[in-house]
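The structure appears right after this line, and notes come after that.
The values are calculated or read from the model by the stated rules, or taken from the named source; none is laboratory data. Just so you know, these numbers come straight off a predicted model, no measurement behind them. Methodologically, a virtual Cβ is constructed for each residue, glycine included, from the backbone with ideal geometry; neighbour enumeration extends over all protein chains shown. Protein only, heavy atoms only, side chains kept; ligands, DNA and RNA dropped before computing areas. Shrake-Rupley method; radii C 1.70, N 1.55, O 1.52, S 1.80 Å.
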Amino acid sequence: MPAQEKDLAADVALAARKWQKKRGALIMVLHEIQGRLGYVPREIALELSKQMNVPLARIYEVLTFYNFFELEPPAKYVISGCMGTACYLKGTPQILQEFGRLLGIEVGQTTPDGKFSLTTVRCVGCCGQAPVILVNGEVKSKVSPKDVPHILAECTD
Amino acid sequence: MAGTAIRTIRAKLNGIEVEVPEGTTILAAAEQVHLKIPTLCKHPDLPPTAACGICIVRVKGTSQMPRACCTPLEEGMEIVTHDPEIVEIRRKVLELILSKHPNECLTCGRNGTCELQRLASDFSIREQSLPYIVPDLPVDQSTRTIVLEPRKCIACGRCLTVCQDLQNVWALSFLERGIDTRMAPAGDILLADSPCISCGQCSAHCPTGAIFEYDETEKAWELLRDPDLHCVVQIAPAVRVAIGEAFGYPPGTNLTGKLYAALRYMGFDTVFDTNFGADVTIMEEGTEFVKRFQENQGELPLITSCCPAWVDFMEKYHSDMIEHFSSCKSPHEIVGVLTKTYYCEKRGLDPSKVRVVSIMPCTAKKYEIQRSDDMFASGHQDVDLSLTTRELARMIKQAGIDFASLPEGDADPMLGLYTGAGTIFGTSGGVLEAAFRTAHKLLTGEEFDAIEFHPARGLHGVKEARISVLGKEVRVAVAHGMGHVEEVLDRVRAAKESGDEPAYHMIEVMACPGGCIGGGGQPYGITDSVRKQRAAGLYRDDREREFRRSHENPYVQTLYASYLGKPLSERAHRLLHNSYKPRPTYRR
Ligand code: SF4
Ligand code: SF4
Ligand code: SF4
Ligand code: FES
Ligand code: FES
């Protein structure tokens, strides 16, 4: 477990205590963890199961029921293709396909090194710039599949 | 319920008048007047999950179409259970389920017993009318006791209710939602890494082939085919009163003699009976109890250990109870180890050429035969293969034996003759009753005259009783269904913490509701009525036995006189006892 998560394991106890008596406590604690780590690691879910005396099976029922929760760590660079009508018609699928080809992953997946993940978003309100790609929330306008290698190359520390 | 006046509801079903207590579902009311509304997700053992929609009916004169399994009948309601439109809707429901279900009946573990298959047949489904989308999910055989095949899951929710509520194990849950809903062990791990205790109750309740026993019939045939092997078989108490259901007999019919004969037809060289092992268990456990009760050697209460699913549950969830557990092995392990030592010695057989197959009502026994080094006490694996009642029924059919007309046979008495005490091991309360019959003699020197101990019998989740022996009060409890065990253990812990007298002196626990007669490997169609009939079959067998107390079994007496010495002797300890250890609840 990375150090950051270790600290959290201790915090889980705190968070668990904080929400213990409240209705829907489990979901609040999970929200807190998702908010802080960007995902809910299995170790934390196990710890929580002990602390709150909730079966692990129940925790995963909740985690997989809501799209909000992630079970894998978020990638360093989250690349999202806009699937709003304008962007879609102007070629988001082709752009995502190119990202996928170069990274060797499909939409919804993360590269094994944890550097990139590929997702989609709904209209982000920049239809005039369509097609739009977001890199960690930053808008890239009028993207074409040719630009993809360049966008990836820019993703360095 | 005494004291509370329950209102009577008057209503009409298809024009037939019914009177039922308030709260009765339309489904239950219909049964009273001989109407059979089709169901799929609803199981008689379980509260409705209302997942499938096949049980819809019509409230006459309205547009309402409630689900009969979960809707209470109301005063003055007029219900139509069948009309052309209702039948058409039910057929649509089925077609929708079938469009997501693999078309693999011929090679499925539930071919011929599947509830979905039966409905498809009843509703004359002749073609695939909707586009076919079957999820691609892997088969999980990791436990080698039960198999999960989530592709065949119709999301009825029965197994979850069973595993979470009835058994309180929480190995299974639904992941995701809507059309993507799928059954999976605790957060998508292998079942073997989950808290699963292999009780098999999920497999006994699943309507389809999504959960079934790990089939080892082929391994059994391989052993029987090998001319160099001496194959020994034993049957558990609960098997004899249930296997008939697979051949059209009513539940509870005692088919011991036919089973012995069928096993010999199949090619087994020696036929023993696990009931003999149960008699030996009682000699050991009874003596253990007396030592703890009278001589303060060891913790009280003494907790029974003959159910491997219960042992697994204790090791995973309640390992503070280890000291309370009887160290005695379960009856089939005892027959196994005695076969490869005592029997081989007396018969001049080489134990490395002997194989022991157990026929059990149980899926957890498949796990037990390798659960620790203690299961190899003979120097070989004491029991080589454990098959469920369902597997044996199929083997008898494969062998081409006409079970119905088969004359009765005998067991080999050396490890095969049994008493009434041994046979009632198969039902909840039976182990405690059998132990008491022998412990009474050990404690007082006199026989327990009544023989029968009725407070231990029946289907109540927790049964308690107090008996006076030599002026001392003996407190006992019986729990069955893992969901009931916590309350009993909590009482034990509370008494311990406050330094009081022990809450109980002896506790019997069996993982399956009703005990092994309701085991996870028994023929399908379990309900409380079936449980009662099977238990009655064992109690009848008990009454008809020449001997009804384990210590009266002449072959048990010979075993001790010529081989083991006394109960709890050094040799008895080495062969018949075992130890426990805490195990992680989650392995991942
Ligand atoms: S075998 Fe028992 S413990 Fe295991 S998943 Fe099925 S019901 Fe749960
Ligand atoms: S596995 Fe069987 S019992 Fe469980 S939800 Fe699926 S169909 Fe129902
Ligand atoms: S109660 Fe009997 S059938 Fe059920 S798990 Fe225990 S030993 Fe097996
Ligand atoms: S459609 Fe892409 S920003 Fe609106
Ligand atoms: S049987 Fe009533 S909803 Fe399934």
- Note on the structure: Expressed as a whole-number percentage, the relative contact order of chain B with C-alpha contacts under 8 angstrom and at least six residues apart is 16
- Query: In segment B:314-419, which GluC sites (Glu not before Pro) are in a loop and have at most 12 other Cβ atoms within 10 Å, using DSSP for the loop call?
  - Reply: B:GLU408
- Would you mind classifying segment B:185-249 by shape? Square roots of the alpha carbon gyration tensor eigenvalues, ordered a ≥ b ≥ c; an a/c under 1.5 is rounded, otherwise it is prolate if a/b is larger than b/c and oblate if not. oblate
- Item | Separation of alpha-carbon centers, segment B:180-247 and segment B:74-94, rounded to whole Å | 38
- Message: Taking loop as defined by DSSP and a crowding limit of 11 other beta carbons within 10 Å, which GluC sites (Glu not before Pro) in segment B:21-83 fit?
- Response: B:GLU75
- Message: Restricting to DSSP loop positions (anything but H, G, I, E, B) with no more than 15 other Cβ atoms inside 10 Å of their own Cβ, which GluC sites (Glu not before Pro) remain in segment A:76-157?
- Response: A:GLU106, A:GLU154
- What does the average come to when, for each residue of peptide B:187-200, you count the partner chain Cβ atoms lying within 10 Å of its Cβ? 2
- Item | Accessible area buried, both sides summed, chains A and B with 1.4 Å probe, Å² | 1200
- Query: Mind checking the mean number of beta-carbon atoms from other chains within 10 Å of the Cβ atoms in A:48-59?
  - Reply: 5
- Task: Could you point to the residue in B:GLY499, B:THR287, B:ALA364 farthest towards the positive end of segment B:218-576's charge dipole, with +1 and -1 charges on the Cβ of Lys/Arg and Asp/Glu respectively?
- Result: B:ALA364
- Message: Can you tell me which lysines have their Cα less than 17 Å from the Cα of B:LYS353? Leave out same-chain residues fewer than eight positions away.
- Response: B:LYS219, B:LYS340
- Note on the structure: Averaged over the residues of B:163-174, the number of partner chain Cβ atoms within 10 Å of each residue's own Cβ comes to 3
- Helix-only [θ] at 222 nm, chain B, -39500 (n - 2.57) per DSSP H run of 4+, per residue, nearest 500, equals -9000 deg cm²/dmol
- Query: How much of B:SER358 can a 1.4 Å solvent probe reach, expressed as accessible area in Å² and rounded to 10?
  - Reply: 0
- Which of the pairs B:LYS316/B:LYS581; B:LYS42/B:LYS463; A:LYS90/A:LYS142; B:LYS152/B:LYS366 have their Cα atoms more than 20 Å apart in this structure? B:LYS42/B:LYS463; B:LYS152/B:LYS366
